[in-house]
Amino acid sequence: MAQIHLRPDWHIAERDATSQSAYHSRRRFIRKLGLGGIAATTLGVGGGLATGGITTGDPGRSTGDPDGPLDTIPENAPRTGLPATRNADYVVPERPQTSRLAASSYNNYYEFISQGDLKTVWPLTGDYNPFPHTIEVRGLVEEKTTFDVDDLIRQIGIEERICRFRCVEAWSMTIPWIGFPLAGLIAACKPLSKATHVRFYSVDRPKEMPGIRNARWFDFPYYEALRMDEATNELAFVATGMYGEPLPKQNGSPLRLVLPWKYGYKGAKAISRIEFVDEQPPTFWQDLFPKEYGFLSNVNPNLPHPRWTQAQERHFLDEDRIERIPTQLFNGYAGLVGHLYPDEPTEFRRGVVR
Ligand code: MTE
């Protein structure tokens with residue numbers, strides 16, 4: 001499994017980089033996931049990564065540190081429209097929701113994590129102040145615009161959707177998101193008809209994000225992209241909250257993409273810029289590892305990752321309970337998105353990266 005072995009010069013003990021309680025709960029998670037051995041020595045979205053460059057004096061902690069994973073919801077986050085009405089079209093009848101604590105304690109967010117496979121992002125978010133926040137709209141649009149998050153919430157309106165969430169690392173959650181359809185945001189951007197794709201860029205604030213400060217392998221900001229027909233599909237969602245509350249910082253405050261039929265890494269967090277273009281753009285993980293991550297990245301049990309199977313997933317019920325379940329094509333959303341991908345393999349194929 002290990003691909004790139006890191007030099008020991010940057011290594012610090014995990015317990016130096018995380019609080020004791022976070023450390024212990026993370027150890028439990030990692031043990032259950034069976035990832036402990038691989039993740040500390042590999043680089044990549046699946047199997048953990050290392051940005052390297054961390055120094056023992058700078059584990060990324062700050063004086064304004066949160067007390068726990070639910071203490072990271074910014075006080076000045078807009079609460080317009082809360083509590084949001086549940087949209088009954090988007091529910092997951094076959095499995096229970098993942099606990100709120102698990103969903104906000106076990107995260108992938110490389111702007112914060114500085115080492116190895118750390119999933120305990122929340123203790124590192126103390127310096128990050130997501131608000132006030134605006135989103136720049138550029139490229140092939142009628143007019144350059146800048147949106148305020150609260151204005152978007154008011155303009156488009158918010159709802160709750162319970163969705164399956166599947167990471168390429170083969171863990172999954174079931175999460176009640178709050179937000180608005182991405183199609184509403186795209187319409188507000190007024191793209192020109194010649195735009196074929198839309199790009200998303202995440203916040204890039206090294207002073208507030210220790211993972212960016214210490215990055216050796218990555219070139220931030222994080223960037224992702226979709227085809228226009230994907231971005232305007234009804235399933236594509238912009239989350240501003242989860243579990244009835246605004247998003248915690250580690251889950252992507254102020255707003256993030258939720259694309260339930262794609263692997264989690266397509267769901268860029270803390271989006272600050274949107275750009276419309278007329279050719280397929282590069283994406284963060286594809287640029288880093290083109291042999292492992294493609295542009296489409298649809299959840300597909302028939303296409304194993306080069307280093308592990310995608311046929312099953314470890315579904316989090318809560319911090320202590322994880323169930324192993326089969327992975328579904330398009331993560332169970334074939335009825336909504338299957339028509340977009342006539343070439344998606346429906347039989348087992350090794351060595352295909354899409
Ligand atoms: N967005 C940004 N800006 N930076 C990241 O590191 N990680 C991605 C995605 N969005 C990431 C990101 C990956 S790999 C996953 S699996 C999901 O966020 C994790 O979302 P969660 O932490 O809310 O579970």
Residue check, Gly335 against (1) open to solvent by 30 Å² or more (accessible area, probe 1.4 Å); (2) farther than 26 Å from Ile162 by Cα, all met but one. Which one? (2)
Going through Phe200, Phe220 one at a time, which residue ends up being over 28 Å from Tyr333 (Cβ atoms), modelled with pLDDT of 95 or more and either within 13 Å of the ligand (Cβ to nearest atom) or open to solvent by 20 Å² or more (accessible area, probe 1.4 Å) (or both)? Phe220
Out of segment 302-313, which residues are crowded, with 18+ Cβ neighbours inside 10 Å and either among the charged types (D, E, K, R) or under 20 Å from the mean Cα position of the chain (by Cα) (or both)? His305, Gln310, Glu313
In segment 197-206, the residues that are touching an Asp or Glu at 6+ places or on another chain (Cβ under 7 Å) and basic (Lys, Arg): Arg199
Does segment 60-77 hold any residues that are open to solvent by less than 100 Å² (accessible area, probe 1.4 Å) and among the hydroxyl-bearing types (Ser, Thr, Tyr), and which are they? Ser62, Thr72
Test for Arg216: is it part of a loop (DSSP other than H, G, I, E, B) and out of contact with any helix residue (DSSP H, G or I) (no Cβ under 7 Å at 6 or more places or on another chain): yes
Can you tell me which residue is farthest from the ligand (Cβ to nearest atom) among those in segment 99-146 that are within 30 Å of Lys190 (Cα to Cα), open to solvent by less than 20 Å² (accessible area, probe 1.4 Å) and not in a loop (DSSP other than H, G, I, E, B)? Val141
Give segment 166-183 a look and list any residue that's part of a strand (DSSP E or B), under 14 Å from the mean Cα position of the chain (by Cα) and under 21 Å from Arg227 (Cβ atoms), or say none. Arg166
Looking only at segment 78-98, filter to residues that are of a type in the set (Val, Ile, Thr) and surrounded by 17 or more Cβ atoms within 10 Å (Cβ to Cβ); which one of those is farthest from the ligand (Cβ to nearest atom)? Val92
Select from segment 318-332 the residues that are of a type in the set (D, E, K, R) and surrounded by fewer than 17 Cβ atoms within 10 Å (Cβ to Cβ) and write down the one among them that is farthest from Asp229 (Cα to Cα). Asp320
Failed condition for Ile158, given (1) buried (at least 19 other Cβ atoms within 10 Å of the Cβ); (2) within 16 Å of the ligand (Cβ to nearest atom); (3) more than 18 Å from Ser272 (Cα to Cα), with all others met? (2)
Restricted to segment 147-165 and to residues being assigned to a helix (DSSP H, G or I) and closer than 24 Å to Tyr265 by Cβ, the residue nearest to the chain's Cα centre (by Cα) is Val149
Condition (residue is at pLDDT 95 or above and under 17 Å from Glu319 (Cβ atoms)) applied to segment 137-154: is it met by at least one residue? no
Does at least one position in segment 243-254 carry a residue that is away from the ligand (no atom under 13 Å from the Cβ) and in a loop (DSSP other than H, G, I, E, B)? yes
Please verify whether Gly252 is open to solvent by less than 30 Å² (accessible area, probe 1.4 Å) and at positive phi, treating the condition exactly as stated. yes
Please state which one of Glu275, Glu344 is assigned to a loop (DSSP other than H, G, I, E, B), open to solvent by 10 Å² or more (accessible area, probe 1.4 Å) and in contact with a strand residue (DSSP E or B) (Cβ under 9 Å, 6 or more places away or on another chain). Glu344
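The values are calculated or read from the model by the stated rules, or taken from the named source; none is laboratory data. If you're wondering where the values come from, they're calculated on a predicted model, not measured in any experiment. Reconstructed Cβ throughout: ideal geometry from the backbone, glycine too, with neighbour counts over all protein chains shown. These area figures cover heavy atoms from the full protein model, side chains too; ligands, DNA and RNA do not enter into them. Shrake-Rupley method; radii C 1.70, N 1.55, O 1.52, S 1.80 Å.
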